[in-house]
1. Give the residue, chosen from GLU124, GLU132, that is acidic (Asp, Glu), over 31 Å from the mean Cα position of the chain (by Cα) and closer than 25 Å to GLU319 by Cα.
2. Among LYS666, LYS619, which is the only one that is more than 33 Å from the chain's Cα centre (by Cα) and outside the structural domain of GLU182 (by TED's automatic domain parsing)?
3. Return the residue satisfying two criteria in turn: it lies in segment 76-96 and is of a type in the set (D, E, K, R), more than 31 Å from the chain's Cα centre (by Cα) and over 20 Å from LYS171 (Cβ atoms), and of such residues it is surrounded by the fewest Cβ atoms within 10 Å (Cβ to Cβ).
4. Quick one: how many residues across segment 65-75 are in contact with a Ser or Thr (Cβ under 9 Å, 6 or more places away or on another chain) and either outside the structural domain of GLN155 (by TED's automatic domain parsing) or part of a strand (DSSP E or B) (or both)?
5. Restricting to helices (runs of 4 or more DSSP H) lying wholly in segment 258-349: which have 2 or more residues that are assigned by TED's automatic domain parsing to the domain that holds SER240 and modelled with pLDDT of 85 or more?
6. What's the number of the only condition in (1) surrounded by fewer than 21 Cβ atoms within 10 Å (Cβ to Cβ); (2) part of a loop (DSSP other than H, G, I, E, B); (3) in contact with a strand residue (DSSP E or B) (Cβ under 6 Å, 6 or more places away or on another chain) that ILE146 fails to meet?
7. Are any residues in segment 416-437 of a type in the set (A, V, I, L, M, F, W, C) and over 14 Å from GLN719 (Cα atoms), and if so, which ones?
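The values are calculated or read from the model by the stated rules, or taken from the named source; none is laboratory data. As the structure is a computational prediction, the values presented were derived from the model and not from experiment. Glycine also receives a Cβ, built like all others from the backbone with ideal geometry; neighbour counts cover every protein chain displayed.
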Amino acid sequence: MGIALATFFIATGFFITSTLIKSIDDLFKVAEVPDVVQMHKGNIDENKITDFATSSGLVKKMQTPKILTVDGKNLRINDHVQTNSVMDVSFVHQNKEFDYLLNMENKPAKIAEQHIGVPVYYYEQYQLKKGEKIAVTFDGKKYEFIISEFIRDGQMNPSGVSSKRFLINDKDYETLAKTATEFEYLIEFQLKDRKDVAAFQTMYAENNLPQQGPMVDWNIFKLLNGLSDGIVALIIVFISLLLILVSMLALRFTFSITLEEDMAEIGALKAIGVRPKQIKRIYLLKYMTITLLGSFIGYVGSIFTSDLFVGNMTLYLGETPKTMFSYLIPLLSILFVSLVIYLFCQSILKRINKISAVDALKQNNTKKKKRFLLRLSKNRIVNTHIFLGLKDVIEKFSSYLFLITLFIIGTFIITIPLNMYNTMNSSSFISYMGVGQSDIRIDLQTVNQMDETYNQIVKKLESDNEISQFTGYTTYRLKIQNDENIWETINVESGDYQTFPLTYLKGKAPSDENEIALSYLNSQEYKANVGDTVQLRSETGDINCKVTGIYQDITNGGKSAKGNVKGSSEELMWYMLNIKLTNDVVKEKKVKDLSKIFNNVKITDMDDYMHQTLGNTIKQIHMMTILATVIATILIVLLSMLFLQLLLVRNQKENGIKLGIGTTVKELTLQFMSGVMFASVVGVIIGTVLSNTLGATLVSLLSSSFGMPKIAFTILPVQVYLLVPIFLLAIVMFSTTICFHFAFKNKNIIERIKN
């Protein structure tokens with residue numbers, strides 16, 4: 001059973017991973033996703049950009065689509081007004097050269113007049129249907145569109161990307177463009193060779209081209225599209241590795257029992273000259289047959305159920321036709337599990353070499369001298385039969401080690417996904433997004449007279465009695481020198497990081513002038529550690545900055561920087577303010593009040609921000625938590641009952657003596673129950689401690705590629721230290737009761753044991 005489950009999960013994990021990679025590749029191929037995109041607010045000189053692209057020698061195609069930005073309060077999706085949405089919404093028409101928006105058949109979408117294609121994100125959020133309506137207001141005039149398609153967008157598909165494009169007809173676009181007052185450009189490039197992305201970005205930055213917005217590349221698009229389902233795949237593979245460990249333990253325990261039972265036969269075979277290698281081959285054939293059968297069952301099960309795990313992937317990326325490759329990759333799971341079990345069997349079968357024919361025939365080879373004895377005569381505390389149960393565990397600890405380890409691993413399987421879910425669902429997880437904890441966030445990015453608006457907001461917040469603290473931050477687009485002395489662009493956020501502090505992997509927040517903190521992935525890329533100096537370049541001159549800290553960030557592709565650095569007004573990208581309210585203020589009401597006063601900026605409830613950007617990923621992990629609990633329950637019930645059955649067989653002679661001298665079945669059951677519960681409690685305690693300490697380290701190893709090399713679990717004590725242990729102990733109590741009920745139900749069996 002354990003082997004089948006292990007193979008099932010590792011095959012499913014491989015299937016999800018291979019399907020995810022192929023789905024992203026297929027989507028990017030059909031959509032012709034750009035290699036480099038420079039977002040820019042304001043006007044552009046298209047001829048200058050075209051000349052640069054031609055002279056660079058690196059560009060295959062380029063285009064500069066104009067997108068019409070929409071304030072959330074001016075957009076109604078069915079009955080849902082987007083006033084408090086964290087998403088930056090824009091209306092676009094279909095591109096001519098590349099970067100196509102796709103329909104649900106993964107073909108470039110074609111939209112009729114007065115119809116609209118809605119991002120699949122909103123389809124999932126509001127369960128939208130074709131034929132429902134979207135209303136938008138441009139320059140005071142209201143327009144209505146009928147939903148005719150749901151759109152997949154290679155750039156802005158994931159919920160973690162806070163920009164979304166709605167697709168409309170060319171004529172409708174021209175109509176809206178005449179009245180639109182806010183717009184941006186996507187300056188998009190497809191390169192002749194993707195290896196030149198970094199060099200091209202540097203060339204672009206050095207040629208004084210439009211840069212009023214972030215620059216992103218193909219690698220970031222790919223990372224963000226795979227983040228949610230990638231986490232699920234990692235959890236599944238992690239569970240499968242634990243299940244392989246359980247299978248190995250079960251095999252070892254079963255072999256120990258079998259060896260005791262077959263001791264006489266082994267002795268006889270050795271006595272007549274059969275070599276140990278030939279004896280081992282008999283056992284190896286038996287266990288490998290079981291392994292291959294279990295692996296095959298797990299593999300077949302994964303084929304029929306794997307589609308259940310890729311529903312979210314299919315929705316966002318499209319259905320990928322299964323090919324021979326889709327079946328071959330999971331097939332490797334059979335080979336992997338079988339190889340691990342084979343090597344393990346070879347290891348445990350070495351015990352046969354140590355068995356002599358004489359000792360085997362005497363049946364005394366496995367008897368071990370007891371080093372530690374608990375005497376019943378010295379017991380003055382607990383019930384006699386409970387004491388005998390505890391005594392059995394301590395004196396035969398190796399026999400109960402399997403049960404203890406089973407509960408350690410079972411606790412791991414349940415607790416780690418649960419802790420991961422609680423961590424991502426907590427408000428403190430915002431610190432992994434490179435943002436300090438606050439109640440409200442205000443963003444100014446595409447606002448006319450941005451400096452003036454920012455100063456007005458600051459003045460208002462200073463006089464507002466309902467606000468206890470606030471801090472403003474300014475983001476500049478500067479250049480940084482890498483280890484090859486090449487200048488690359490970098491966004492540096494500047495402000496006070498004491499009021500709303502981040503959690504730092506190393507070091508501390510920048511406080512003095514020309515100090516900087518780097519995100520983990522940036523510190524890796526630029527090979528900069530705490531205490532090192534990195535060189536920034538601004539229009540005002542070069543700046544040598546001391547690195548004071550390294551923090552975690554899963555936004556912006558995991559690459560950001562924060563410091564006490566100032567650039568020029570031309571390098572200014574946007575303003576952002578964090579706000580903490582007084583205790584008696586209702587946050588939702590305050591967001592509405594501020595939105596009425598400053599209706600041209602984005603004001604966000606940070607709880608909503610987490611829900612809207614990470615909600616899909618959190619939902620996926622919640623599903624995996626439930627599945628892990630179900631699997632752990634099945635595993636513990638089946639393997640604990642196997643353990644009890646084998647324990648009854650091993651102790652058959654001893655039990656017969658006890659029954660023969662007058663011990664009742666009820667008393668004998670109490671002895672077994674006491675021992676089993678004691679071993680289970682030990683396993684649960686060790687498992688709980690390890691899963692809450694070592695578990696975070698293991699998850700961090702898996703998540704480091706996403707920009708989170710050190711996760712500190714948010715642990716809910718009632719769940720982890722009370723409910724999970726009670727649940728696990730209830731399972732073993734149920735299993736033990738059922739097992740002994742059937743074991744001693746037949747009086748003939750009892751008589752046979754006595755005899």
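1. So the residue among GLU124, GLU132 that is acidic (Asp, Glu), over 31 Å from the mean Cα position of the chain (by Cα) and closer than 25 Å to GLU319 by Cα is GLU132.
2. Among LYS666, LYS619, only LYS666 is more than 33 Å from the chain's Cα centre (by Cα) and outside the structural domain of GLU182 (by TED's automatic domain parsing).
3. Only one residue tops the list, namely ASP79.
4. So the answer is 5.
5. Helices (runs of 4 or more DSSP H) meeting the threshold: 276-305, 311-317, 324-348.
6. Of the numbered conditions (1) surrounded by fewer than 21 Cβ atoms within 10 Å (Cβ to Cβ); (2) part of a loop (DSSP other than H, G, I, E, B); (3) in contact with a strand residue (DSSP E or B) (Cβ under 6 Å, 6 or more places away or on another chain), the odd one out for ILE146 is (2).
7. Correct list: MET424, PHE429, ILE430, MET433, VAL435.
Okay, residues lined up against (1) of a type in the set (Ser, Thr, Tyr); (2) more than 33 Å from the chain's Cα centre (by Cα); (3) more than 23 Å from GLU113 (Cα to Cα); (4) in the same structural domain as VAL70 (by TED's automatic domain parsing):
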position: ASP172; (1), (2), (3), (4): no, yes, no, yes
position: THR175; (1), (2), (3), (4): yes, yes, no, yes
position: THR181; (1), (2), (3), (4): yes, yes, no, yes
position: PHE200; (1), (2), (3), (4): no, no, yes, no
